[in-house]
């Protein structure tokens with residue numbers, strides 16, 4: 001699945017004013033709805049991430065990123081039961097180890113990539129929060145909170161959260177701090193601290209997101225001698241003693 005396309009579709013629904021709702025219904029919503037339904041496995045509720053792939057490794061594979069974005073799109077399409085199916089799947093597969101980056105849409109087991117990363121987990125938490133906001137059903141809030149607490153337990157470096165809890169074949173994730181992963185974690189923690197009623201847990205969420213802000217400003221965003229933005233790093237690799245990469 002083209003993740004950028006899905007993201008833009010979900011963002012479009014959130015941004016377009018009500019005055020163009022008719023245009024949305026006719027030209028966009030029905031096509032997206034039918035596409036997502038076509039990609040959905042009814043047994044697990046997961047959405048296949050790849051279309052007509054010839055790579056056997058990618059058949060029946062659901063990226064956790066894609067599931068969160070598909071769930072957000074379903075909410076905007078008012079296909080609430082489909083968003084709920086995705087959340088039920090992840091809640092049933094949740095553990096203190098976090099969620100895998102991929103799942104098999106038929107069996108529901110971890111898929112082609114068993115790595116556990118911060119950002120996909122945080123996106124699922126955001127989906128759980130948005131589900132409550134859109135439907136009024138807050139039954140998934142405890143799940144979102146569990147993900148948030150898991151996030152706060154990840155290793156941290158200079159205020160930034162590590163990209164994952166354990167090393168694997170793909171990299172030393174406890175030593176890698178990704179800007180993108182931290183931005184998504186911040187969004188989740190901000191949503192959680194606004195709703196959390198337990199003062200101790202709420203403080204935990206607030207402290208963690210403030211740490212992320214400090215990390216971004218002090219380690220990721222670079223300015224020149226005149227105070228102008230000069231570069232933004234994609235992250236920090238502690239094991240290599242410096243930035244993982246830069247982009248203007």
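The values are calculated or read from the model by the stated rules, or taken from the named source; none is laboratory data. Just so you know, these numbers come straight off a predicted model, no measurement behind them. Cβ: placed from backbone, ideal geometry, glycine included. Neighbour counts: every protein chain shown.
When restricted to residues that are in contact with a strand residue (DSSP E or B) (Cβ under 7 Å, 6 or more places away or on another chain) and at positive phi, the range 47-63 contains 1.
Residue-by-condition table, conditions (1) surrounded by fewer than 22 Cβ atoms within 10 Å (Cβ to Cβ); (2) touching a residue at least 24 places away in the same chain (Cβ under 8 Å):
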residue: 90; (1), (2): no, yes
residue: 112; (1), (2): yes, yes
residue: 121; (1), (2): no, yes
residue: 142; (1), (2): yes, no
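Just one of the numbered conditions (1) more than 28 Å from residue 73 (Cβ to Cβ); (2) in contact with a helix residue (DSSP H, G or I) (Cβ under 9 Å, 6 or more places away or on another chain) is not true of residue 163: (1). With respect to residue 165, is the statement that it is in the same structural domain as residue 231 (by TED's automatic domain parsing), surrounded by 15 or more Cβ atoms within 10 Å (Cβ to Cβ) and without any contact (Cβ under 8 Å) to a residue 24 or more places away in the chain true? No.
Any chance you could count how many residues in the range 17-54 are part of a loop (DSSP other than H, G, I, E, B) and either modelled with pLDDT of 90 or more or crowded, with 18+ Cβ neighbours inside 10 Å (or both)? Lay out the reasoning, then the answer.
Our first condition is that a residue be part of a loop (DSSP other than H, G, I, E, B); within the range 17-54, this holds for 17, 41-46, 48-54.
Add one more test, that the residue is either modelled with pLDDT of 90 or more or crowded, with 18+ Cβ neighbours inside 10 Å (or both), and what stays is 41-46, 48-50.
Counting residues in the range 17-54 that are part of a loop (DSSP other than H, G, I, E, B) and either modelled with pLDDT of 90 or more or crowded, with 18+ Cβ neighbours inside 10 Å (or both) gives 9.
Look through 190, 222, 204, 214 and report the one residue that is in a helix (DSSP H, G or I) and more than 17 Å from residue 149 (Cβ to Cβ).
Numbers: 190 fails: more than 17 Å from residue 149 (Cβ to Cβ); 222 fails: in a helix (DSSP H, G or I); 204 fails: more than 17 Å from residue 149 (Cβ to Cβ).
The match here is 214.
The residues listed here are 127, 189; of these, the one that is crowded, with 23+ Cβ neighbours inside 10 Å, modelled with pLDDT of 95 or more and within 30 Å of residue 240 (Cβ to Cβ) is 189. The conditions of being within 17 Å of the chain's Cα centre (by Cα) and part of a helix (DSSP H, G or I) are met by residue 132. Restricting attention to the range 92-110, and to residues there that are touching a residue at least 60 places away in the same chain (Cβ under 8 Å) and buried (at least 19 other Cβ atoms within 10 Å of the Cβ), which single residue is farthest from residue 28 (Cα to Cα)? Result: 98. Residue 221 - would you say it is without any contact (Cβ under 8 Å) to a residue 60 or more places away in the chain and farther than 28 Å from residue 95 by Cβ? Yes.
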